Amino acid sequence: MSTTDQGRVAAVVIMAAGAGTRMKSATAKVLHPLAGRSMLSYAVDAASALEPEHLVVVIGHQREQVQAHLDEIAPQVITAVQEQPRGTGDAVRSGLAALGELTGEVVVTSGDVPLLTGETLWELVRAHRAEGNTATLLTTIVDDPTGYGRIVREAGEVARIVEQRDASDDERQITEINAGIYVFDAETLRAGIAALSTDNAQGELYLTDVIAFARSRAGRVGGTVLTDSLQAEGVNDRVQLATLSAELNRRILRRWMIEGVTVLDPATTWVHDSVDLAADVTLLPGTSLEGATSVATGAVIGPDTTLIDVEVGASAHVVRTHATLAVIGEGAEVGPFSYLRPGTQLGVKGKIGAFVETKNAEIGDGAKVPHLTYCGDATVGEGANIGAGTIFANYDGVHKSHTTVGKGSFVGSDSVLVAPVEIADGVYVAAGSTITSAVGPGELAVARGQQRNIRGWVARKRPGTRTAAAAEAALEQATGQERDQ
Ligand code: UD1
Ligand code: CA
């Protein structure tokens, strides 16, 4: 292989067939999410950054799940099946078998090293080329190397890798670890795998033994030490999953802070990789932004708010809210304690206030639903006002129906709008009404019992009570005042 070759790498093999036993999960390890997407998707992204001629993912354990996931997120990748989890050496053998004859460079990575970037893979490939190596591996120094393969160097050169369970006490003191990310010359890799044995503590075919093999053939082996050691860390259990999730989140937040987003408390703010934020957005503590959420400039989100696939307009305020698949207009106000379900669209400067639940509801510009309301399957016109405690009764037990409230209309508190019903523009609905039929423009709809006041009822029917005493006192005072006038 030429050291000046700056072409594409021949292949990347991503190992993802292991049993992931330590996760103790019905979900394949590499499908567990960090910042909203699977561990495997990060590995595929990093590998794709190399633009390899072939990209193969080795699957085995829970392969149907992993295959289905890959079909969804990366249908272009090839998958190879490793029938039995006989070790990382066997995994790569299975991957190469799917590719046929191959010359050039083969990059090997793992599906369980989610923070690794494509840029780091490029650095490794560049070092491999510049040094004219037959094998180059990524290493890093960690405080606690427990569980990792240790890098044994001789006269400064990488000599071999020894796994935790095969290491001597002295070797276990080594803090330089194998990240499990390699570049190999294809021919050396094939020959090295063919020469592997299961003579080790786990009875597996260790890919790591190809390093000593490459050395034994007098090939150059290089070790590139990564200073950002978290990029090299793997997820084997849920403790590591939590650690790396938090780290990934910190990195995502850091990126946004540099782009001009204020994050008051990064420790309690979670932003998925897929979210888009503008400069001068403020995120208050306890905020979680997920999926295809986007927030425009000047908006303030939180505290204690979860937005999933929500579009927030500029300068909107969203306080203590849970929202899914909703659009919040520019300058709008939401919360505190609001629940926006799919299909909610709040217009410019609109308001959805405290203890309001909305679903499939288009609430126009400047319209307000400020307190204690259920607003489902509705269109609320521009500038309309929905009084406290109004219920849009959209469900008759069988069908869901639609309610329209026209522009500038005013619905009094504690009304029930029984769908399907149309309330025109410029209407008043008297408080406490149950509206079952259409109301025309400019009309007042009153739909409630007439009030009757029965004089002397308390004295007759509730004599001797506290209420009767209060009534008597009030009546005497009123008569006294009349006398004094
Ligand atoms: C491996 C390395 C270790 C390194 C560590 C870095 C070996 C023998 N050891 O150990 O030196 O420090 O990664 O994270 O390689 N896999 C298969 N098929 C198998 C076994 C594993 O596809 O038969 C896949 C797993 O799904 C995983 C990757 O290979 O994505 C690594 O396997 P894992 O069992 O996690 O290896 P480690 O013990 O972490
Ligand atoms: Ca691992």
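Read-outs throughout are calculated quantities, based only on the coordinates presented, and are distinct from any laboratory measurement. Not measured: the values here are computed from a predicted model. Positions of Cβ are backbone-derived with ideal geometry, glycine not excepted, and every protein chain shown enters the neighbour counts.
If you line up the long axis of helix 238-258 against the longest principal axis of the chain, both from Cα atoms, how many degrees apart are they, to the nearest 10?
70 degrees
For a quick size check, give me the Cα extents of the range 317-395 along its three principal axes, largest first, whole Å.
Taking max minus min along each principal axis of the Cα atoms, the range 317-395 gives 30, 24, 22 Å.
Beta carbons within 10 angstrom, averaged per residue: use that to sort the peptides 167-177, 15-25, 197-207, highest first.
Going from most to least packed, we get 15-25, 197-207, 167-177.
Looking at the range 224-333, which GluC sites (Glu not before Pro) are DSSP coil and have at most 16 other C-beta atoms within 10 Å of their C-beta?
Answer by residue number: Glu259.
Where nothing but the Cβ of Lys and Arg (+1) and of Asp and Glu (-1) is charged, how large is the charge dipole of the range 328-439 around its Cα centre, in debye to the nearest 20?
With only Lys, Arg, Asp and Glu charged at Cβ, the dipole is about 140 debye.
Among Trp457, Trp270, rank each residue by its count of other Cβ atoms within 10 Å, from fewest to most, as a rough exposure measure.
Trp457, Trp270
Can you check how the C-alpha radius of gyration of the range 4-232 compares to 2.2 N^0.38 Å, as a plain ratio?
Here the answer is 0.94, to two decimals.
How high is the FRET efficiency between Glu157 and Arg341 when r is their beta carbon distance and R₀ equals 45 Å, given to the nearest 0.05?
It comes out at approximately 0.15.
Kirkwood Rh, the chain, all Cα pairs: how many Å?
Taking every pair of different Cα atoms in the chain, averaging 1/r and inverting gives 27.2 Å.
Helix 39-49 against the longest principal axis of the chain: what's the angle in degrees, Cα atoms only, rounded to the nearest 10?
60 degrees
Determine, for the chain, the count of lysine pairs separated by eight or more sequence positions (or lying on different chains) whose alpha-carbon distance falls under 18 Å.
Here the count comes out as 8.
Rounded to the nearest 500, what is the 222 nm mean residue ellipticity of the chain from helices alone, with -39500 (n - 2.57) per DSSP H run of 4+ residues and division by all residues?
Result for the chain, helices only: -7000 deg cm²/dmol.
Which ordering of Val310, Val58 is given by a fewest-first count of other beta-carbon atoms within 10 Å?
Val310, Val58
Once the mean 1/r over all distinct Cα pairs of the range 205-315 is inverted, what Kirkwood radius in angstroms do you read off?
Kirkwood hydrodynamic radius for the range 205-315: 16.5 Å.
Suppose R0 equals 41 Å; then what is the FRET efficiency for Ala68 and Phe355 from their Cβ-Cβ distance, rounded to the nearest 0.05?
Efficiency, from the Cβ-Cβ distance: 0.50.
Which trypsin sites (Lys or Arg not before Pro) in the range 381-485 pass both tests, a DSSP loop state and at most 14 other beta-carbon atoms within 10 Å?
Sites meeting the loop and neighbour criteria: Arg448, Arg452, Arg455.
Compute the angle between helix 118-131 and the longest alpha-carbon principal axis of the chain, please, reported from 0 to 90 degrees and rounded to the nearest 10.
10 degrees
Relative to the present Cα-Cα distance, how much length would full extension add between Asp166 and Gln84 at 0.36 nm per residue of separation?
In short, 27.3 nm is gained.
Note down the Stokes-Einstein diffusion coefficient of the range 254-445 in µm²/s, whole number, using a Kirkwood radius over alpha carbon pairs, 10 °C, and 1.306 mPa s.
95 µm²/s
Suppose every Lys and Arg Cβ carries +1 and every Asp and Glu Cβ carries -1, with no other charges. What dipole size does the chain come out with about its Cα centre, to the nearest 20 debye?
For this selection, approximately 1820 debye.
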